[in-house]
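Working notes, structure below.
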Amino acid sequence: MKPSVFVFERLAALLQQLVREDAARHGLLPVHLQVLGYLAQANRYSNIPIAVASYLGITRGTVSQTLAMLERKGLISRSNDDRHGRRVHLQLTAAGEEVLAGSWPQRLDVLLAAGGVDLDELASQLRAVLGSLQRLNDRQAFGQCRECAHFLEERGIHRCGLTGETLAVDQTIRICREWSDPRADRPTPPAPTRTP
């Protein structure tokens, strides 16, 4: 195993441990905390149950049960979409936001900043790894709206080039399930081949 792969393996294990500990502190399962974390970042195109399932790579049934439990605990609320009949949008309640306050992502941000890490450079390198893994596993990308190939800014007005809809500034910094890599026209390097 190459050192970089070992580091990723250890990071994944430690992050899973942090999620389990944070979830247990609130009487939740890790998947509950992951759903809350996702909804805290999702824009209006992505705060729907099908996007939760896609982002987390879990079944619709698991998502349905998880959302019902989070709603019973008062951590999320649902609202109907005015434009799309049966579509339901999910939002964190104040109690849901409180669960996330001080959780592992915030603690990690503080730790990285205190360690003198160039956070922009690290994010860029990790995005490249993430993109490669998503392509390798044929997964939906998800990414920040303003970094999307569809993002348009004209005279201070933000729009989604895919839907044509105007975007509020706070929506442009959230993640979207319709995200498309602006560098997608670049040729993708071939996947490494295994030799026997």
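Couple of notes before you dig in:
- In segment 20-54, residue nearest to residue 176 (Cα to Cα) [restricted to those that are within 12 Å of the chain's Cα centre (by Cα) and surrounded by fewer than 22 Cβ atoms within 10 Å (Cβ to Cβ)]: 41
- Of all residues in segment 93-107, those that are within 15 Å of residue 74 (Cβ to Cβ) have Cβ atoms under 7 Å from Cβ atoms of residues that are open to solvent by less than 60 Å² (accessible area, probe 1.4 Å) and assigned to a helix (DSSP H, G or I), 6 or more apart or on another chain, in 96/36; 99/36; 100/36; 100/37; 100/40.
- Residues that are within 28 Å of residue 84 (Cα to Cα), of a type in the set (Asp, Glu) and either at pLDDT 80 or above or open to solvent by 50 Å² or more (accessible area, probe 1.4 Å) (or both) within segment 172-196 comprise just one, 178.
- Remark: residue 107 matches the filter, which requires a residue to be under 23 Å from residue 18 (Cα atoms) and at pLDDT 85 or above.
- The sole residue among 16, 65, 34 that is within 29 Å of residue 165 (Cα to Cα) and at pLDDT 90 or above is 34.
- The C-beta contact set for segment 15-33 (first residue among the β-branched types (Val, Ile, Thr), second residue assigned to a loop (DSSP other than H, G, I, E, B) and surrounded by fewer than 17 Cβ atoms within 10 Å (Cβ to Cβ), distance under 9 angstrom, 6+ apart or interchain) comprises 31/58.
The values are calculated or read from the model by the stated rules, or taken from the named source; none is laboratory data. As the structure is a prediction and not an experimental result, all values here were calculated from the model. Methodologically, a virtual Cβ is constructed for each residue, glycine included, from the backbone with ideal geometry; neighbour enumeration extends over all protein chains shown. Note: areas computed on protein heavy atoms with side chains; ligands, DNA, RNA excluded. Shrake-Rupley method; radii C 1.70, N 1.55, O 1.52, S 1.80 Å.
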